[in-house]
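First comes the structure, then the notes that go with it.
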Amino acid sequence: MESLKEKTAKGLFWGGLSNGAQQLLNLVFGIFLARLLTTEDYGMVGMLTIFSLIASSLQEGGFISALNRKKNATHKDYNAVFWTCSLFSLSIYLLLFFCAPLIASFYEEPRLVPLARYIFLGFFITSLGIAPRAVLFRNMQVRQQSIVAFVSLLLSGIVGVTMAACGFAYWGIATQTLVYVSLFTSMTFYYAKWHPTLPVDFSPIREMFGFSSKLIVTNIVIIVNTNVFSVILGYMYKPSVVGNYTQANKWNYMGWSLISNMLNGIAQPVFAKTDEDKERQKKIFRKLLRFTAFVSFPAMLGLALVAREFIVILLGEKWLDSAVILQWLCIMGAFYPISYLFSHLMIGRGHSSTYMWCNIALCIVQLGMVLLTAPYGMERMIQVYVAITVGWLLVWHYFAHQEIGLRLLELLKDISPYLLISVVLIYIAHWLTQGIDNLYLCFGTKVLFVSTTYCLALWLTGSTIFKEALHFLTKHQIQA
């Protein structure tokens, strides 16, 4: 049997390798689709995103985390989750099928009726794979999850680009999503070596519902919060404006999710398994915190630095309006993986109530401020939204201090060196390249300068996490 340390090391390695490969594919397919499609095409799909995500959150029900928390999960538990999620998701799909005309009426866009009914099939298909996903998640089988995600993304991306090239417009994006979830679900069953049975005993659901119900509420709140701009912009502006925001948000999401998903496969299981040893848990958390800051700050703030060149070179001049939006979102994206790590700590320790109420409070504050600043324009709304997200890190710290005794000074000590070095180098890079008119030369200079000087600065200052990261990349190991 592998030790927890070995599983954590392999989980980080496969998580990083998989997400890096997936983001590379997303980059390639995203470039092709952005050049083939219009801002209106992205806006059509963006208007429906919040409905699909809420429905998906309901059908998952927080049962993956609940099964991870169980000391001895049996086939009866997984079987109950499978049938509960599948039947519930079918009911939601039928409800949304008949509500599609109301959604189209809200946006005053009749083309959304058939598109909504088509896209919403995806979350029902996804529900069929929740139980086998829980098997892989609980056993920290990150390599298998990585293979599933990579293959699904590759094949679905080919389908999406092909359809877009053949003139299917936004139907290509919708079909890409359906192909992805279908492949993901079927391959998850294959690797989990698990299948549902009849008859079914639903009694385990009652035991898990107290914990999972809070995750359901929280996930819905987070989805509403992160997609509120798509709804507000879709109501206030034309689809092209929603398309620019959707495009910017997509690249921002690709950036911070690369870091967050490296932790996703190991953070909750590791925290759950060390629940009874707070000192060890705190040590693990601080190491993951330093690693997250080490990667997140230069990556996301660096993306903000090259946003204009990145958008124009890869996507074309028609998407230039999304560059400013991307810059603001990247500031939030730099801190989001750190908040993500704090939330995993709360869930891993079994405090779904804390996780729920903290996110509800964040959503209320952000939504209220966004509505108050709506008359001042989209950019001001985004600025306020970003500022609140970054400041909320102090709230997460308060709860972490209650749980594992993490002091504010320790938090600042762990993340501030990487933030300070990144900000200084990015400012210098911006100043040095102001006179460069060639977009390609400007982009390359910024990336090369920041990446090399960042590594050099960490090497000269004797950064422990930098040396451990090098050791991790070469030996596939980390020190626990």
(message) I'd like to check one number: the per residue accessible area of the stretch 269-426, probe 1.4 Å, reported in Å² as a whole number.
(response) 40 Å²
(message) Ignoring solvent entirely, what values of log10 I(q)/I(0) come out of the Debye formula for the stretch 63-202 at 0.20 Å⁻¹ when each Cα is a single scatterer?
(response) -1.15
(message) Only four residue types carry charge here, +1 at the Cβ of Lys and Arg and -1 at the Cβ of Asp and Glu. Report the dipole size of the stretch 116-215 about the Cα centre in Debye, rounded to the nearest 20.
(response) 140 debye
(message) What is the percent carbon and sulfur in the accessible area of the stretch 59-170, measuring with a 1.4 Å probe over the protein chains and ignoring ligands?
(response) 70 percent
(message) Quick check: at a probe of 1.4 Å, how many percent of the accessible area of the stretch 278-373 sits on carbon and sulfur atoms?
(response) 67 percent
(message) Give me the extension gain from residue 312 to residue 35: residue separation times 0.36 nm, minus the current Cα-Cα distance, reported in nm with one decimal.
(response) 98.6 nm
(message) I need the phi-derived Karplus couplings for the stretch 33-41: 6.51 cos²θ - 1.76 cosθ + 1.60, θ = phi - 60°, integer Hz, Gly and Pro marked x.
(response) 5, 5, 7, 8, 9, 10, 4, 5, 4
(message) If R₀ is 30 angstrom, what is the calculated FRET efficiency for the pair residue 455 and residue 320, using the beta carbon separation as r and rounding to 0.05?
(response) 0.45
(request) Could you pull out the pairs from 71/283; 76/283; 193/282; 214/250; 71/193; 70/287 whose alpha carbons sit more than 30 Å apart here? (result) 76/283; 193/282
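The values are calculated or read from the model by the stated rules, or taken from the named source; none is laboratory data. Since this is a predicted model, take the numbers as computed values, not measurements. Reconstructed Cβ throughout: ideal geometry from the backbone, glycine too, with neighbour counts over all protein chains shown. The area values use the complete protein model at the heavy-atom level, side chains included, leaving out ligands, DNA and RNA. Shrake-Rupley method; radii C 1.70, N 1.55, O 1.52, S 1.80 Å.
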